[in-house]
Amino acid sequence: MDFLQPVTWAEALEAKAAHPDAVPIAGGTDVMVGLNFGHLRPALLLDLTRIADLRDWQVADGAVRLGAGVSYARVISELGDRLPGLAMASRTIGSPQIRNRGTVAGNLATASPAGDAHPALLAAGSEVEVASARGTRRIPIDDFYTGVKRTAMDDDELIAAVHVAPPSGPQQYSKIGTRNAMVIAVAAFGLALHPDRRAVGTGIGSAAPTPRRAPAAEEFLAGELDSSGLWESRAELPEATIARFGELVAAAAAPIDDVRGSAPYRVHALSVMARRALSWAWADYRSANQEA
Amino acid sequence: MSTPTRTPTGAPEHLTGPGSGGVGDDAQRPDGVLKVRGEFAYGSDLWMEDMLWGVTLRSPHPYARIRSVDTSAALATPGVSAVLTSDDVPGEKVYGLELADQPVLALDVVRYQGEPVALVAADHPETARLAAARIHVDYDVLEPVTDARTALGHPTWNQVHDSTAEVTELSRESAHLHPEGNLVRHLKVRTGDPAPTADVVVVGEYEVGMQDQAFLGPEAGLAVPAEDGGVELHVATQWLHVDQKQICSALALPPEQVRLTLAGVGGAFGGREDLSMHVHACLLALRTGRPVKMSYNREESFFGHVHRHPATMRYEHGATRDGELVYVKAAIYFDGGAYASSTPAVVGNGGTMGIGPYVVPNVHVDCYGAYTNNPPCGAMRGFGSVQTAFAYESQMDALAAELDMDPVELRCRNAMEEGSATPTGQVIDSPAPVVELLRRLEAMPLPARSGDGEVDLRDMPGGVSNTTHGEGVRRGVGYAVAYKNVAFSEGYDDHSTARVRLEVVGGEPTATVHTAAAEVGQGLVTVEQQIARTELGVERVVVHPKDTSVGSAGSTSASRQTYVTGGAVKAACEKVREQLVARAERLVGRTVPDLRLAGGAVVSDSEDITVPLADLLGDDVLEETLEWRHRPTEAIDPETGQGFAHVQYAFSAHRAVVDVDTELGLVKVVEMACTQDVGKAINPQAVVGQIQGGTAQGLGLAVMEEILIQDGKVRNPSFTDYLIPTILDMPPMRIEVLEYADPHAPYGLRGVGEAPNISSGPAVLAAIRAATGLPLTRVPVRPEHITGT
Ligand SMILES: Cc1cc2nc3c(=O)[nH]c(=O)nc-3n(C[C@H](O)[C@H](O)[C@H](O)COP(=O)(O)OP(=O)(O)OC[C@H]3O[C@@H](n4cnc5c(N)ncnc54)[C@H](O)[C@@H]3O)c2cc1C
């Protein structure tokens, strides 16, 4: 196995163009597991950790551009206010060691249906900036996941950054695991209220072949908030609306039975998480008004 | 009755600091600093110039006939030095702890997924793995037998109590996995009225999943061929001499030519009592004439050692309206998997102690161990008592509910005490403070409820995964008490050997303790030092490396080493002391009745005598080696189970407080409290450590730890999906340690390691039941069991 360690982004893109089968390695928290289990036997590892630019994040046009090399630990400590949903998701990931090494870009490229960044990115609305020697493009997060552990990236492309719109309302993230830390999601749910767009964003994890949104639930809730003037009145949400939202989120899932949980449990848990997340987000939205 | 001499409470920092390092002090572990710094050499760190790497090819099938094995492509791989199959085993081709029924390498049939079939040695582990993949095995795949009761022909519970079942069980078995049939052992306990009746009857069926020891240091060792044609094996194990015996038999070599040394052991919990890579590495080393290292990774480790027996159990308890137990009937099935391992002894424990620490006049227990094509099961901390405790303690709660009685009160009303008879007719002849353990737990304050004010997610079920801020959360409290035998039972000649040497090194009297007792992380090396310090009055005590150049110490299991090897070290020290006292008396020219050893000298309290050991010894070396035995036990009657089966019992009790998110089925254990009688805390800090660790392992089985098996195949052989408790799952503990001396044991001590592993899980289960109101008869409890989805 060969090992390349470019120090500039241009070198990295050239290397990837020359060796499309090279496996990039960032935090290594997925790659090293693959190597240890013998699932991954790459001819070439492309180490991206020496590229200083990748470890930066900036704010451009209000949106955060999160460099591919930023760790979860830094998302939590530096971006809790700008990326609240993603920071909440990051807090649920692995252990302190994993959060120090692991990156959102690594999570995206692995594209596991159980990856914790995905529901938060889906709910918030984001774009993945990918680059190759041919140039740079942005893939809307909704188009990024194409199948089980498959993405819309080409062989010669690398993830440069993720762009996430600034929050205009509360965000929430909940994840079910069968222990209280260091656990892969049995089911996960991300929620973002977007009062600026009068829209609702959702993300479902571990309950379908790919991370996905729950469009019917989003439309239903946005519709209710609109038609009842709740965006403006910030009045209490009717119980029935919360319950219906939970049902619609659950209905968007297409889970399987596996060692981590049964399909019916996943559906049930999603409806509970969706209801609770909505009630917490709505309470935040209401209290934000009182403070204002 | 003796009174408790100390009751350390809470975390280790509340205990006394290190004293002189003798018995009763929190002596520091000699291996502690190295381990904390990551500098301790474990078996997987063994290394020699010029060594080869051995790997094992394992069966992918739970049950198959081997038509042929073709090793030619593997042998032709560059870098490969040897490829071996069962044809290359020179001696006995089968081995086992109690019954020799397990092939060193598969013969004509494989009986479980992961059974070793062939071995490869190569100059690089990757080469060896590649070559192993090139071995072609032609399997005729057979239908596996995957259920213990089906294997025995008892598929329905009705048949269990059908009186003809016992006589005809062999004829009703499914496919025979072994020539003698699928029954490994059937233990019967019969006392009192065979057809008792009672005012109130409670019946329950229970199931316990397969738990793994999940030690952190996977199986590893290094075999070095010796000039005399023998082999030296450095290996992480639990019992060097039982390994040696089995290796000799497989290699057809005498014990002098098979020399074992203990490598650094990263935890054991029973999982290293059976052989893993031992014979394999020796075979490869002898064949190639080179040192051979074998080191499993985590996945292989799941296939490389036995697990805790899964169990299905049916209990019937009868009691008076006042809550006095009249009878208990129980049928207990242990799935032993493909090979016997220690199933007979596990059945022994499960059956003889299967109704818990209660006095019951009429008992009818049938305990079975069966062969199936599931992974082999054997020793694990708690050894047959963990499974039954879930059942009998659940039954006690069900009975209390039926009687509308407090569950602790019901337990106290029926509790054993000193002088009580066990169901096997043994009179308990040392303290049995069951009532006190329970009452002390009850008297402890309950933890405050979380959720008032700011929510700290780490206190919530689900933790930082942010699934509840208090919604759906209900609190429950549960109690459980358990007992377990210490040391080997049923007439086994259970002994240990100690060699103690005393000499002057650099002007300082120095004792060396040499035993073959495996240090597996529990702290026996510290205990050996403490005993020598106390008995010989010296400060400097060297623990000789553990090897087979001294006699057997027996197994590091059954909570027995501090008792049995501790007893041997104490006795050997006493013999050395006799010599010193005799020398001192020769020196002063008369008999002094109160001479003793202290501060590196022979001293007298009545007279002004202080003879430094350095002066007394000069260049002489005093050495004593002896074998030490606890009082003998006896085999039990095969029809009634009656007999003096166990030398000592350990008692512990737990109170668990849990918060359950009843809508999501997630559990947060808020607090564990434990009371345990240890007779004498040789090292109080280590005692507390054992209680905390045992509690965590019991909690793990209650709420998460299970090897999931489908059609004989393991579905989760990794720590990604075999979950063990994290620091957010294991809560702070309240611990009270009682010290009621056992007059028959050295220093009055009682084995410590297993009891807290037994009572903790049932307390957690009881607390979850209390929080949810659900019957919950299976562990681990999964979220689905609580939500009903
Ligand atoms: C103990 C443990 C616990 C874990 N817990 C969780 C958890 O709770 N939740 C969760 O979601 N995940 C978890 N994971 C998985 C893992 O930590 C995450 O998926 C993490 O985000 C991976 O990031 P990384 O930087 O380590 O990626 P790496 O392992 O370095 O890479 C992962 C994948 O991304 C590719 N890649 C990396 N960077 C780029 C780039 N810039 N462009 C293109 N491709 C790239 C790699 O080639 C590889 O395919 C856990 C892993 C471990 C070992």
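The values are calculated or read from the model by the stated rules, or taken from the named source; none is laboratory data. Model, not experiment: these values are computed from the prediction. Note that each Cβ is placed from the backbone with ideal geometry, even for glycine, and that neighbours are counted across all protein chains shown. Note: accessible area is taken over every heavy atom of the protein model, side chains too, but ligands, DNA and RNA are not part of it. Shrake-Rupley method; radii C 1.70, N 1.55, O 1.52, S 1.80 Å.
Looking at A:V33, A:V7, A:V64, just one residue is more than 14 Å from chain B (Cβ to nearest Cβ) and outside any loop (DSSP other than H, G, I, E, B), and that residue is A:V64.
Tell me, please, whether a residue that is farther than 18 Å from A:V104 by Cβ, within 13 Å of another protein chain (Cβ to nearest Cβ) and open to solvent by 10 Å² or more (accessible area, probe 1.4 Å) can be found in the stretch A:207-215. No, because not a single residue in the stretch A:207-215 is farther than 18 Å from A:V104 by Cβ, within 13 Å of another protein chain (Cβ to nearest Cβ) and open to solvent by 10 Å² or more (accessible area, probe 1.4 Å). Pairs meeting the criteria (first residue in the stretch B:120-138 and more than 12 Å from chain A (Cβ to nearest Cβ), second residue open to solvent by 90 Å² or more (accessible area, probe 1.4 Å), beta carbons under 7 Å, at least 6 apart or on different chains) are B:D138/B:R67.
Every condition in (1) assigned to a loop (DSSP other than H, G, I, E, B); (2) closer than 22 Å to B:G523 by Cα is met by B:P731 except one, and the failing one is (2). Just to be sure before I move on: is A:R266 crowded, with 24+ Cβ neighbours inside 10 Å and at the interface with chain B (Cβ under 8 Å from one of its Cβ atoms) in the structure I sent? Spelling it out, it is not the case that A:R266 is crowded, with 24+ Cβ neighbours inside 10 Å and at the interface with chain B (Cβ under 8 Å from one of its Cβ atoms).
Look through the stretch B:388-419, keep the residues that are of a type in the set (D, E), out of contact with any strand residue (DSSP E or B) (no Cβ under 6 Å at 6 or more places or on another chain) and assigned to a helix (DSSP H, G or I), and return whichever of them is surrounded by the most Cβ atoms within 10 Å (Cβ to Cβ). Full working, then the answer.
Filtering the stretch B:388-419 for residues of a type in the set (D, E) gives B:393, B:397, B:402, B:404, B:406, B:409, B:417-418.
Then drop every residue that is not out of contact with any strand residue (DSSP E or B) (no Cβ under 6 Å at 6 or more places or on another chain), which leaves B:397, B:404, B:406, B:409, B:417-418.
In the following step, the residues that additionally are assigned to a helix (DSSP H, G or I) were identified as B:397, B:409.
On the way: B:D397: 23, B:E409: 14.
Selected residue: B:D397.
Residues in the stretch B:464-477 that are at the interface with chain A (Cβ under 7 Å from one of its Cβ atoms) and surrounded by fewer than 21 Cβ atoms within 10 Å (Cβ to Cβ): B:V464, B:H469, B:E471.
Taking the stretch B:318-357 as the range and being in a loop (DSSP other than H, G, I, E, B) and either open to solvent by 10 Å² or more (accessible area, probe 1.4 Å) or at positive phi (or both) as the test, the residues that pass are B:T320, B:R321, B:D322, B:G323, B:E324, B:G337, B:S341, B:G356. Taking the stretch B:61-86 as the range and being under 34 Å from the mean Cα position of the chain (by Cα) and open to solvent by 60 Å² or more (accessible area, probe 1.4 Å) as the test, only B:R65 passes. Could you look through the stretch B:510-559, keep only residues that are of a type in the set (S, T, N, Q) and over 23 Å from B:D274 (Cα atoms), and pick out the one that is surrounded by the fewest Cβ atoms within 10 Å (Cβ to Cβ)? Among those that are of a type in the set (S, T, N, Q) and over 23 Å from B:D274 (Cα atoms), it is B:T512. The listed residues are B:R413, B:R439, B:R381, and the only one of them that is closer than 30 Å to B:L275 by Cβ and charged (D, E, K, R) turns out to be B:R381. Scanning the stretch B:421-463 for residues that are touching a residue at least 24 places away in the same chain (Cβ under 8 Å), open to solvent by 40 Å² or more (accessible area, probe 1.4 Å) and more than 23 Å from B:H646 (Cα to Cα) gives B:R439, B:R440, B:E442, B:L446, B:R449, B:S450, B:R458, B:D459. B:R590: part of a loop (DSSP other than H, G, I, E, B) and either touching a Cys at 6+ places or on another chain (Cβ under 7 Å) or of a type in the set (K, R) (or both), yes or no? Yes; evaluated as a whole, the condition is true for this residue.
The residues in the stretch A:5-42 that are away from the ligand (no atom under 11 Å from the Cβ), open to solvent by less than 50 Å² (accessible area, probe 1.4 Å) and touching a strand residue (DSSP E or B) at 6+ places or on another chain (Cβ under 7 Å) can be counted, and the count is 2. Taking the numbered list (1) within 16 Å of the ligand (Cβ to nearest atom); (2) surrounded by fewer than 24 Cβ atoms within 10 Å (Cβ to Cβ) in turn, A:D196 passes all entries but (1).
To keep it simple, each residue is scored yes or no on (1) at the interface with chain A (Cβ under 10 Å from one of its Cβ atoms); (2) touching a helix residue (DSSP H, G or I) at 6+ places or on another chain (Cβ under 9 Å).
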residue: B:A696; (1), (2): no, yes
residue: B:L699; (1), (2): no, yes
residue: B:A702; (1), (2): no, yes
residue: B:Q710; (1), (2): yes, no
residue: B:K713; (1), (2): no, no
residue: B:D721; (1), (2): yes, no
residue: B:Y740; (1), (2): no, yes
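In the stretch A:99-113, how many residues are aliphatic (A, V, I, L, M), within 6 Å of the ligand (Cβ to nearest atom) and under 10 Å from the mean Cα position of the chain (by Cα)? Number of matching residues: 1. Checking each residue in the stretch A:139-172 for being surrounded by fewer than 19 Cβ atoms within 10 Å (Cβ to Cβ), more than 16 Å from the chain's Cα centre (by Cα) and more than 13 Å from the ligand (Cβ to nearest atom) picks out only A:S168.
Taken together, the residues in the stretch B:498-509 that are among the β-branched types (V, I, T) and either surrounded by fewer than 22 Cβ atoms within 10 Å (Cβ to Cβ) or over 27 Å from B:V541 (Cα atoms) (or both) amount to 2.
Residue by residue, here is whether (1) in contact with a Gly (Cβ under 6 Å, 6 or more places away or on another chain); (2) surrounded by fewer than 24 Cβ atoms within 10 Å (Cβ to Cβ); (3) modelled with pLDDT under 95 holds:
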| position | (1), (2), (3) |
| --- | --- |
| B:M733 | no, yes, no |
| B:P746 | yes, yes, no |
| B:A755 | no, no, no |
| B:S759 | no, no, no |
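A single member of B:G689, B:G700, B:G751 is out of contact with any strand residue (DSSP E or B) (no Cβ under 9 Å at 6 or more places or on another chain) and open to solvent by less than 20 Å² (accessible area, probe 1.4 Å), and it is B:G700. Candidates are the residues of the stretch A:114-130 that are more than 9 Å from the ligand (Cβ to nearest atom) and open to solvent by less than 20 Å² (accessible area, probe 1.4 Å); the one that is nearest to A:M153 (Cα to Cα) is A:V128.
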